[in-house]
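Student: Take this structure first; my questions come after.
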Amino acid sequence: MERYQHYIGGDWVAPDAGKWFETVNPYSGEAWAEIAHGNGGDVDRAVTAALTAFDGEWSAMKPSQRGRLLMRLAELIERDSAALAEIEVRDNGKLYAEMSAQTKYMAEWYRYYGGLADKIEGAVIPTDKEAVLNFTRYEPLGVIAMITPWNSPLLLLAWKLAAALAAGNTAVIKPSEFTSASTLAFMKLIEEAGFPPGVVNTVTGFGADVGQALVAHKDVAKIAFTGSDVAGRKINEAAARDLKHVSLELGGKSPNIVFEDADQEAAVMGAISGIFAATGQTCIAGSRLLLQRSIHDAFVERLVKVAGEATIGDPMSLETHVGPVTTPPQYKKVLDYIEIAREEGATCVLGGKPYDGPGATGGQFVEPTIFTDVRNDMRIAQEEVFGPVLSVIPFEDEEDALRIANDIDFGLAAGVWTKDMGCALRMSERLKAGTVWVNTYRAVSYTSPFGGYKQSGIGRESGLEAIKEYLQTKSVWLAQASPVANPFIIR
């Protein structure tokens with residue numbers, strides 16, 4: 001069985017306590033590798049290595065040099081994207097078709113921020129003071145703790161790491177204990193690209209052992225986290241004790257809103273992509289489908305027919321549409337929510353149970369599930385399921401759609417399907433969400449900022465805005481030395 005060590009200070013390091021844990025393939029149900037079980041001692045070594053690199057060789061490099069390293073890393077990612085995708089599928093059970101697209105596309109984040117590295121510019125400020133020059137400069141924060149989830153480990157790491165490195169920071173990464181292998185394999189590319197030792201480090205393990213120690217470490221300047229709102233709230237509270245910076249990309253319960261004038265077939269496919277792609281295991285899942293009442297019945301009929309034809313099975317097969325749920329706890333959670341929906345009075349019109357048909361192994365498959373007769377105050381409509389479960393809610397008009405869509409604690413994303421551009425613009429303005437898609441769904445880019453409103457998070461990833469999340473502003477005042485008439489007066 002393959003064994004993965006920590007990556008600390010440019011070296012592969014055995015865990016401090018000599019402990020290991022198994023990682024399991026969700027499709028086969030079999031353990032396939034051993035992962036280092038880290039603790040506070042491992043975290044301290046990694047943070048020390050990152051701080052040493054930050055105070056030394058990394059900060060001494062010119063921004064253009066750091067940019068070239070990121071460009072080189074992008075080339076290596078493209079070269080090895082297929083191999084990285086295979087590891088991700090083995091670890092999280094998501095479709096190879098999706099993971100391979102992600103691992104190849106993530107190279108663009110490193111290329112984009114590599115190009116930005118030497119374009120971080122301050123400004124000369126025309127102040128109201130005489131004979132004084134005032135200018136600003138942007139400086140890196142220091143050591144960044146990056147805590148990533150199990151659903152898209154490498155892509156979501158790229159959203160953090162590329163911008164942080166371009167800004168001149170160093171990093172300690174804590175991947176999910178369920179999907180650590182691909183991040184550790186990625187460290188080999190960090191090494192090959194020529195990053196100085198200690199600039200990027202990875203410590204694997206569990207939240208109680210590694211995550212908490214990383215968040216609490218005195219030399220960590222910022223925590224960048226993607227995960228549940230519950231965990232994000234705890235991290236935010238812990239970071240606040242030391243006034244650490246945070247960026248948090250948390251949960252969602254996104255409305256996918258279809259008006260009667262929309263291209264119905266395109267909207268059906270968009271609704272299916274929004275919830276059943278990635279087996280619903282994505283923070284931007286369009287898990288609430290809002291249908292204008294005049295099209296509700298016909299739309300649901302078509303939706304059930306198309307979703308019911310999905311092929312369930314081996315995620316490595318390009319013929320598969322829906323793979324397994326990644327972790328046993330998440331599998332149980334999804335099934336629990338299906339029962340909750342029934343108890344609340346929702347009507348299950350598709351699926352609603354474990355899948356054990358052809359292609360099912362490992363015991364963690366759930367049928368694509370659709371509920372109608374859902375009220376927006378039901379738990380199934382208010383709480384993040386993170387699985388292939390869709391709640392269908394009817395609405396009357398724009399105002400009713402907005403009322404339902406915004407009546408939620410989350411605000412990560414929303415979709416609107418209409419041919420009326422006036423309606424599209426009005427909805428995009430009034431929807432309380434960080435991303436609004438019109439006549440498409442799940443589109444993301446390295447050029448466009450991503451993040452949430454309300455309980456869906458703090459800060460933005462991707463685009464020009466993201467690099468500012470890893471910088472602090474310094475104001476510099478320059479005056480020619482001369483006697484001051486009254487030093488007790490601020491001028």
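The values are calculated or read from the model by the stated rules, or taken from the named source; none is laboratory data. From a predicted model like this one, the values you see are computed outputs, not experimental measurements. Ideal geometry is used to build each Cβ from the backbone, glycine not excepted, and the neighbour counts take in all protein chains shown. Surface accessibility is based on the protein's heavy atoms, side chains included, excluding ligands, DNA and RNA. Shrake-Rupley method; radii C 1.70, N 1.55, O 1.52, S 1.80 Å.
Student: For region 297-322: of the residues being among the hydrophobic types (A, V, I, L, M, F, W, C) and more than 29 Å from the chain's Cα centre (by Cα), which is surrounded by the most Cβ atoms within 10 Å (Cβ to Cβ)?
Tutor: If we take residues in region 297-322 being among the hydrophobic types (A, V, I, L, M, F, W, C) and more than 29 Å from the chain's Cα centre (by Cα), then F299 is surrounded by the most Cβ atoms within 10 Å (Cβ to Cβ).
Student: Kindly indicate the residue of region 424-473 that is without any contact (Cβ under 8 Å) to a residue 24 or more places away in the chain and of a type in the set (D, E) and also surrounded by the fewest Cβ atoms within 10 Å (Cβ to Cβ) among those meeting that condition.
Tutor: E429
Student: Is it the case, given these coordinates, that G357 is over 26 Å from the mean Cα position of the chain (by Cα), open to solvent by 10 Å² or more (accessible area, probe 1.4 Å), modelled with pLDDT of 95 or more and of a type outside the set (D, E)?
Tutor: No, not satisfied.
Student: Tell me, which residue of region 276-296 that is more than 19 Å from T418 (Cα to Cα), outside any loop (DSSP other than H, G, I, E, B) and of a type outside the set (S, T, N, Q) is most open to solvent (accessible area, probe 1.4 Å)?
Tutor: The selected residue is A277.
Student: Sticking with this one: Within region 142-214, which strands (runs of 3 or more DSSP E) (wholly inside it) include 2 or more residues that are in contact with a Gly (Cβ under 8 Å, 6 or more places away or on another chain) and not hydrophobic (A, V, I, L, M, F, W, C)?
Tutor: Ranges flagged: 170-174.
Student: I'd like to verify a number: residues in region 326-353 that are under 20 Å from I272 (Cα atoms) and either of a type outside the set (F, W, Y) or open to solvent by 50 Å² or more (accessible area, probe 1.4 Å) (or both), how many?
Tutor: Selection size over region 326-353: 13.
Student: Does V476 satisfy the condition of being within 25 Å of V268 (Cα to Cα) and not hydroxyl-bearing (S, T, Y)?
Tutor: no
Student: Answer yes or no as to whether G415 is within 21 Å of the chain's Cα centre (by Cα), within 19 Å of L289 (Cβ to Cβ) and not hydroxyl-bearing (S, T, Y).
Tutor: yes
Quick grid of which residues meet (1) touching a strand residue (DSSP E or B) at 6+ places or on another chain (Cβ under 8 Å); (2) modelled with pLDDT under 95; (3) of a type outside the set (A, V, I, L, M):
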position	(1), (2), (3)
E34	yes, no, yes
V47	yes, no, no
W58	yes, no, yes
S64	no, no, yes
G67	no, no, yes
R72	no, no, yes
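Student: Quick check on region 234-264: of everything there that is touching a residue at least 24 places away in the same chain (Cβ under 8 Å) and assigned to a helix (DSSP H, G or I), which residue is farthest from G451 (Cα to Cα)?
Tutor: In this case the residue turns out to be Q264.
Student: Only residues that are on the phi < 0 side of the Ramachandran plot and touching a Pro at 6+ places or on another chain (Cβ under 7 Å): list them for region 75-119, please.
Tutor: Within region 75-119, E88, V89, N92, K94, L95, Y96, A117, D118 meet the criteria.
Student: Please name all residue pairs, on different chains or six or more residues apart, with Cβ atoms under 8 Å, provided the first residue is in region 81-92 and is of a type in the set (F, W, Y) and the second residue is crowded, with 24+ Cβ neighbours inside 10 Å and part of a helix (DSSP H, G or I).
Tutor: Going by the 8 Å Cβ cut-off, there are no qualifying pairs.
Student: Please specify each residue of region 200-216 satisfying the condition of being surrounded by fewer than 23 Cβ atoms within 10 Å (Cβ to Cβ) and closer than 20 Å to L51 by Cα.
Tutor: Q212, A216 - these are the residues of region 200-216 that are surrounded by fewer than 23 Cβ atoms within 10 Å (Cβ to Cβ) and closer than 20 Å to L51 by Cα.
Student: Given the conditions (1) in contact (Cβ under 8 Å) with a residue 40 or more places away in the chain; (2) hydrophobic (A, V, I, L, M, F, W, C); (3) under 30 Å from R137 (Cβ atoms); (4) open to solvent by less than 20 Å² (accessible area, probe 1.4 Å), and given that A221 satisfies all but one, which numbered condition is not satisfied?
Tutor: A221 satisfies every listed condition except (4).
Student: For L133, are the conditions met, namely being open to solvent by 10 Å² or more (accessible area, probe 1.4 Å), in contact with a strand residue (DSSP E or B) (Cβ under 6 Å, 6 or more places away or on another chain) and either assigned to a loop (DSSP other than H, G, I, E, B) or among the aliphatic types (A, V, I, L, M) (or both)?
Tutor: Yes, satisfied.
Student: Right, next: Quick one: would you say M421 is surrounded by 16 or more Cβ atoms within 10 Å (Cβ to Cβ) and over 22 Å from the mean Cα position of the chain (by Cα)?
Tutor: In short, no.
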